[in-house]
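Have a look at the structure below, then the notes.
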Amino acid sequence: MYYHLKLTFQKGNISQDTSLTSDKLLTIAKFFDRHDRNDYHVTNWTVYEYNKSTLALEDLESECGSNHPINASAIFWDIYDENGCLEECLKL
């Protein structure tokens, strides 16, 4: 399965949108983590299943529309890192 992550991150009063498609959940987690560090905070995100053969977004897998960065980040990690494995890999 391929994942397509769309997220909005904010630094001060400036918001920016970005996205990434990958078949590896660890790659998605690293991308999320990179945009949720230091002065940057993810404010909302969506994860879709992505069909590589048709190049189309398919089923919405999860989403968070929180405008509070701590909530958006906590919800992402709660869904995708139930056992703490991804966060451990990110520390390596």
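Values in this text are rule-based calculations from the coordinates and carry no lab data. For clarity, every value in this text was computed on a predicted model and none was experimentally measured. Glycine gets a Cβ as well: all are built from the backbone with ideal geometry, and neighbour counts include every protein chain shown.
Any residue at all in segment 22-36 that is closer than 15 Å to MET1 by Cβ, part of a loop (DSSP other than H, G, I, E, B), in contact with an Asp or Glu (Cβ under 9 Å, 6 or more places away or on another chain) and not hydroxyl-bearing (Ser, Thr, Tyr)?
No - not one qualifying residue is present in segment 22-36.
Considering every residue within segment 31-50, establish whether at least one is over 18 Å from LEU90 (Cβ atoms), under 9 Å from the mean Cα position of the chain (by Cα) and of a type in the set (Val, Ile, Thr).
Within segment 31-50, one or more residues are over 18 Å from LEU90 (Cβ atoms), under 9 Å from the mean Cα position of the chain (by Cα) and of a type in the set (Val, Ile, Thr).
Residue check, ALA74 against (1) free of Cβ contacts under 8 Å to residues at least 60 places away in the same chain; (2) within 15 Å of HIS4 (Cα to Cα), all met but one. Which one?
Answer for ALA74: the failing condition is (2).
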